[in-house]
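Chemist: Got a structure for you, questions after.
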Protein chains: 2
Amino acid sequence: AAVDKGVDFANYFCTYAFLYHQKEMLSDRVRMDAYYNAVFQNKHHFRGKVVLDVGTGSGILAIWCAQAGAKKVYAVEATKMSDHARELVKANNVDDIVEVIEGSMEEVILPEKVDVIISEWMGYFLLRESMFDSVICARDRWLKPDGIMYPSHARMWMAPIRSSLGDQKMNDLECAMNDWYNFVEVTETHYGVNMNVLTKPYHEEHEKYYLKTSLWNNLHPNQVIGTPAIIKEIDCLMATVDEIRDVTSKFSLSINMDRTRLSGFAGWFDVHFRGSMQNPAMHKIELTTAPSVDNTTHWGQQVFLLYPPPRVNEGDRLMISFLMTRSKENHRLMDVEFTYELQHSSGKRLPPVTSKFCIE
Amino acid sequence: AAVDKGVDFANYFCTYAFLYHQKEMLSDRVRMDAYYNAVFQNKHHFRGKVVLDVGTGSGILAIWCAQAGAKKVYAVEATKMSDHARELVKANNVDDIVEVIEGSMEEVILPEKVDVIISEWMGYFLLRESMFDSVICARDRWLKPDGIMYPSHARMWMAPIRSSLGDQKMNDLECAMNDWYNFVEVTETHYGVNMNVLTKPYHEEHEKYYLKTSLWNNLHPNQVIGTPAIIKEIDCLMATVDEIRDVTSKFSLSINMDRTRLSGFAGWFDVHFRGSMQNPAMHKIELTTAPSVDNTTHWGQQVFLLYPPPRVNEGDRLMISFLMTRSKENHRLMDVEFTYELQHSSGKRLPPVTSKFCIE
Ligand SMILES: Nc1ncnc2c1ncn2[C@@H]1O[C@H](CSCC[C@H](N)C(=O)O)[C@@H](O)[C@H]1O
Ligand SMILES: Nc1ncnc2c1ncn2[C@@H]1O[C@H](CSCC[C@H](N)C(=O)O)[C@@H](O)[C@H]1O
């Protein structure tokens with residue numbers, strides 16, 4: 001399905017045109033440290049090289065590449081943020097090296113191929129926003145055969161968690177429904193119209209909102225009640241859009257905490273800066289968005305709530321099959337489906353349960 | 001400029017597809033009472049008549065028209081809310097009379113002309129959302145020559161106000177800027193990039209957000225410090241899009257409170273159900289969104305802040321010229337420009353001041 005560019009702009013790009021939003025990313029120390037160290041601890045990848053920054057935003061990564069010794073940096077940005085990037089480049093005296101180009105990566109024509117592609121393309125749970133498509137497109141068109149991707153690898157993770165969010169959201173839903181019943185009564189009494197036929201759709205709409213949409217959360221590591229599993233690995237040099245469009249994974253998780261509740265699952269990601277096989281990084285850098293006390297990120301984790309939450313014990317196992325597809329209405333949002341089977345340490349298996357969620 | 005339908009849907013219609021949003025309107029007692037009384041106290045306008053409900057949403061107005069004795073009601077709705085409207089119509093046993101049509105009013109073909117057009121098309125400060133355009137289009141195509149409009153008239157009001165919102169927003173802006181200066185320092189120290197060149201645009205972005213965008217507020221009547229003025233009157237039977245696209249008005253306001261500050265201006269509207277000249281209402285109904293203690297509406301008032309707020313006294317006069325145009329990026333949003341001249345009761349005149357705002 002072709003994407004309407006105007007709609008995509010209204011739904012997606014518009015937010016990136018605000019300095020407010022760029023600043024949020026620029027204030028994420030974990031993110032900034034990872035990219036900063038990746039560049040400056042691997043200057044040999046940049047010195048005298050031609051670099052492409054896909055989605056330069058404020059221009060920060062492009063400026064770093066120039067400071068690390070790049071010969072030329074093409075910094076492509078779809079929104080009007082490109083004007084600010086151009087100012088920032090100039091103010092930091094790298095305007096002889098960094099060329100800011102306003103346009104969408106898919107349409108821009110560069111005068112030459114590049115040695116390195118750098119990009120901060122990761123959305124919630126890695127793939128939300130589907131921006132990696134644009135990086136793939138840039139790579140296939142503009143990266144030299146022996147070029148390097150920054151980052152070079154990415155992984156999606158999933159773990160079982162406990163959380164009070166489920167009770168909270170369930171409570172919100174109940175409040176919303178109480179309010180609705182009151183509304184139905186008032187509307188019947190005062191205005192002679194019986195709204196009861198809409199009770200079910202109203203409940204569905206709110207259930208979807210409160211319970212069936214993944215939640216942004218920065219979890220404490222002790223909320224993770226089992227060993228996390230890798231559900232997808234991406235080699236940024238090789239991946240195709242066909243390989244990332246859907247994510248399917250069958251995996252099992254073991255619970256490592258006694259007498260707790262499985263409130264749901266949390267998804268997060270990490271990315272790695274390892275250079276390429278022929279041209280490896282001198283210092284390999286990792287950026288992780290896993291639950292952490294001190295190193296939280298603006299990505300947090302995505303929480304998928306199970307309601308009601310089953311009781312679990314140490315040694316229980318979960319067999320999970322996971323499917324993530326793109327939303328039909330908006331290719332930058334995702335639909336997620338879990339089927340899990342709980343096997344108690346006694347060997348007893350509960351029947352499989354399927355839950356569907358949106359990532360919005 | 002032609003409007004991209006997909007973009008218009010992403011920016012505007014989408015919210016109306018949620019029952020949550022329809023319920024907000026259906027829970028507005030002032031709004032509901034006005035339309036309910038307008039219909040049921042003027043049954044002669046509906047009995048045996050053909051009615052068109054422009055933007056039926058949940059279907060509420062269409063159902064009332066049927067209950068009041070209409071022979072046929074065409075209920076047009078652009079969003080998927082039309083499915084719910086159809087269910088509601090059926091559950092309330094008027095599906096032999098009300099025909100719900102999913103489509104945009106501009107494109108729908110009706111099998112006949114209608115006697116009455118009813119619509120709840122009013123946005124913040126009356127014209128936000130520009131939905132009255134669709135009502136005009138419906139009227140020109142489908143209303144019989146002697147047909148009636150519900151509502152029949154609309155007016156925009158403006159008054160000088162005092163409010164602590166200005167100080168609050170000014171404080172928010174200062175906090176945002178302190179945070180920014182801190183961010184500039186960190187980014188320079190830790191990441192070797194000087195962001196200072198973006199300080200001015202950052203300030204502008206936030207000033208626009210906090211001070212140059214009108215605010216939704218339900219004012220207390222004692223916050224109004226002068227006599228409100230009517231700045232626009234619309235006869236819904238006669239108005240053309242050309243007449244409502246821009247609103248210009250020169251008017252004067254007198255301050256009727258001593259030793260206070262002119263924090264800004266508030267805009268609101270009322271609409272009237274008076275029928276037509278040849279076929280007047282038996283009971284004229286008014287729906288006002290003016291500041292009120294007991295009869296607040298979901299529309300509230302739109303507040304345009306002046307900063308710094310000039311000191312004013314009883315007997316001072318304000319000469320104002322007002323201009324409202326549609327935003328270039330989105331025809332459903334507005335740009336507003338005020339020029340005011342303060343004349344103290346002593347006769348002394350202060351130089352004119354111009355302020356610009358967005359209604360978002
Ligand atoms: N297809 C595309 N073409 C050009 N820019 C794009 C794009 N897809 C996303 N972007 C831009 O990519 C940016 C991603 S956010 C990252 C910004 C910056 N590189 C930083 O690390 O701080 C946004 O500014 C967005 O507008
Ligand atoms: N051009 C157009 N064609 C069809 N529906 C429209 C329209 N412009 C706005 N609408 C619809 O008009 C409704 C306005 S809100 C009012 C809903 C309902 N009549 C009530 O009084 O409660 C929204 O549901 C919106 O989707």
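All of the numbers you see were taken from the coordinates with simple rules; none came from a lab. Because the structure is predicted, anything quoted here is derived from the model rather than measured. Ideal geometry is used to build each Cβ from the backbone, glycine not excepted, and the neighbour counts take in all protein chains shown.
Chemist: Under the classification rounded if a/c is under 1.5, otherwise prolate if a/b is larger than b/c and oblate if not, where does region B:249-304 fall, given a ≥ b ≥ c as square roots of the Cα gyration tensor eigenvalues?
Modeler: Prolate, since a/c reaches 1.5 and a/b exceeds b/c.
Chemist: Something else: Given the -39500 (n - 2.57) contribution per DSSP H run of 4+ residues, what per-residue ellipticity at 222 nm results for chain B, rounded to the nearest 500 deg cm²/dmol?
Modeler: -8000 deg cm²/dmol
Chemist: Give me the Debye-computed log₁₀ of I(q)/I(0) at q = 0.06, 0.09 Å⁻¹ for the protein assembly as shown, equal point scatterers on Cα only, no solvent, two decimals.
Modeler: With one equal scatterer per Cα and no solvent, log10 I(q)/I(0) is -0.47, -1.00.
Chemist: While we're here: Just grab the label-to-label distance for A:Glu112 and B:Lys356, each label 7 Å out from Cα along the Cβ direction, in nm (one decimal).
Modeler: Roughly 4.2 nm, to one decimal.
Chemist: How big is the charge dipole of the protein assembly as shown about its Cα centre, in debye rounded to the nearest 20, if each Lys and Arg gets +1 on its Cβ and each Asp and Glu gets -1 on its Cβ?
Modeler: For the protein assembly as shown, the charge dipole is close to 380 debye.
Chemist: What's the magnitude of the charge dipole for region A:1-159 around its Cα centre, counting Lys and Arg as +1 and Asp and Glu as -1 at the beta-carbon? Answer in Debye, nearest 20.
Modeler: Using Cβ point charges on Lys, Arg, Asp and Glu, region A:1-159 gives about 520 debye.
Chemist: Cα to Cα, under 24 Å, and not fewer than 8 places away if on the same chain: which lysines meet these conditions relative to B:Lys212?
Modeler: A:Lys23, A:Lys80, B:Lys169, B:Lys200, B:Lys232, B:Lys250, B:Lys328, B:Lys356
Chemist: So, one more: How far is helix A:132-142 tilted, in degrees, relative to the longest principal axis of the Cα atoms in chain A, given as a value from 0 to 90 rounded to the nearest 10?
Modeler: The angle comes out at about 20 degrees.
Chemist: Can you give the Rg to Rh ratio for region B:199-281, taking only C-alpha atoms and Rh from Kirkwood?
Modeler: Ratio of gyration radius to Kirkwood radius: 1.08.
Chemist: Distances in nm, one decimal, shortest first, from A:Ser345 to the same residue in every other copy, taking the label point 7 angstrom along Cα→Cβ.
Modeler: Output for A:Ser345: 8.4 nm, nearest copy listed first.
Chemist: Moving on. Within a Cβ distance under 14 Å of B:Lys72, other residues only, what is the Lys/Arg minus Asp/Glu net charge?
Modeler: That sum, taken over residues with Cβ under 14 Å, equals -1.
Chemist: If you average the sequence gap of Cα pairs under 8 Å that are 6 or more apart and divide by the length of region A:258-329, what percent do you get for the contact order?
Modeler: 41
Chemist: Here's another thing I want to ask about it. Hey, in the GNM for chain A with a 10 angstrom Cα cutoff, which one of A:Met105, A:Met158, A:Met282 fluctuates hardest?
Modeler: Looking only at A:Met105, A:Met158, A:Met282, the biggest GNM fluctuation is shown by A:Met282.
Chemist: While we're looking at this one, here's another question. Given the C-alpha centroids of region A:126-187 and region B:119-164, what is the distance between them in whole angstrom?
Modeler: First find each Cα centre; the distance between them is then 40 Å.
Chemist: Could you give the distance between the Cα centres of region B:289-306 and region B:334-360, to the whole Å?
Modeler: So the two Cα centres are separated by 21 Å.
Chemist: Give me the dipole magnitude in Debye, nearest 20, for region B:229-360 about the Cα centre, with unit charges on the beta carbon: positive for Lys and Arg, negative for Asp and Glu.
Modeler: 360
Chemist: Using a cut-off of 11 Å between beta-carbons, work out the net charge of the residues near A:Ser321 (Lys and Arg +1, Asp and Glu -1, A:Ser321 not included).
Modeler: -1
Chemist: Now, a different point. Farthest toward the dipole's positive end in region B:156-202, which of B:Leu165, B:Asn194, B:Cys175, given Cβ charges of +1 (Lys, Arg) and -1 (Asp, Glu) about the Cα centre?
Modeler: B:Leu165
Chemist: Hey, another quick one. Fewest to most neighbouring Cβ within 10 Å: what's the order for B:Asp140, A:Asp53?
Modeler: B:Asp140, A:Asp53
Chemist: What's the local net charge at B:Arg259, with K and R +1, D and E -1, over the other residues with C-beta under 13 Å away?
Modeler: Summing Lys/Arg as +1 and Asp/Glu as -1 gives 0.
Chemist: Would you work out the relative contact order for region A:47-146, in percent, from Cα pairs under 8 angstrom that are 6 or more residues apart?
Modeler: After rounding, I find 30 percent.
Chemist: Within a 10 angstrom radius of the beta carbon, how do A:Leu342, B:Leu350 rank from fewest other beta carbons to most?
Modeler: Listing A:Leu342, B:Leu350 from fewest to most nearby Cβ atoms yields B:Leu350, A:Leu342.
Chemist: Given q = 0.13, 0.18 Å⁻¹, what are the Debye log10 I(q)/I(0) values for region A:130-190, with equal point scatterers placed on the Cα positions and solvent ignored?
Modeler: These q points yield log10 I(q)/I(0) values of -0.65, -0.80.
Chemist: Using Cα pairs under 8 angstrom and six or more residues apart, how large is the relative contact order of chain B, in percent?
Modeler: About 17 percent, as a whole number.
Chemist: Taking the alpha-carbon set of chain A, what are its Rg and Dmax in Å?
Modeler: 23.2, 77
Chemist: With 5 Å bins from zero, work out the P(r) of region A:148-223 over every alpha carbon pair and list the percent per bin.
Modeler: Calculated P(r), rounded to whole percents: 3, 12, 17, 14, 12, 10, 8, 7, 6, 5, 3, 2, 1, 0.
Chemist: Related question: Would you mind checking the tilt of helix A:81-91 against the longest principal axis of the Cα atoms of chain A, expressed as 0 to 90 degrees and rounded to 10?
Modeler: 40
Chemist: Fully extended, how many nm does the chain gain between A:Glu99 and A:Glu243 (0.36 nm per residue separation, minus their Cα-Cα distance)?
Modeler: 48.7 nm
Chemist: When DSSP beta bridges are limited to those with both residues in the protein assembly as shown, what percentage is antiparallel, rounded to the nearest 5?
Modeler: If we restrict to bridges inside the protein assembly as shown, about 75 percent are antiparallel.
Chemist: Of A:Tyr307, A:Tyr12, how do they rank once you tally other Cβ atoms within 10 Å and put the fewest first?
Modeler: The order, fewest Cβ neighbours first, is A:Tyr307, A:Tyr12.
Chemist: At 0.890 mPa s and 25 °C, plugging the Kirkwood radius over alpha-carbon pairs of region A:1-127 into Stokes-Einstein gives what diffusion coefficient in µm²/s?
Modeler: My calculation gives 164 µm²/s for D.
Chemist: Here's a follow-up. Looking only at chain A, where both bridge partners belong to it, what percent of the DSSP beta bridges are antiparallel (to the nearest 5)?
Modeler: 75
Chemist: Once the Cα atoms of region B:79-219 are picked out, what are the Rg and Dmax in Å?
Modeler: That works out to 25.1, 74 Å for Rg and Dmax.
Chemist: Below 20 Å, Cα to Cα, which lysines can B:Lys43 reach? Residues fewer than 8 away in the same chain don't count.
Modeler: The reachable lysines, counting only those whose Cα sits under 20 Å from B:Lys43, are B:Lys71, B:Lys72, B:Lys113, B:Lys144, B:Lys284.
Chemist: Rounded, prolate or oblate for region A:250-360? Axes are the square roots of the Cα gyration tensor eigenvalues, ordered a ≥ b ≥ c, and the cut-off for rounded is a/c under 1.5.
Modeler: prolate
Chemist: Let me ask something else about it. Among A:Ser134, A:Tyr124, A:Val108, flag the residue with its Cα farthest along the positive direction of the charge dipole of region A:108-160, charges on Cβ as +1 for Lys/Arg and -1 for Asp/Glu.
Modeler: Among A:Ser134, A:Tyr124, A:Val108, the one farthest towards the positive end of the dipole of region A:108-160 is A:Tyr124.
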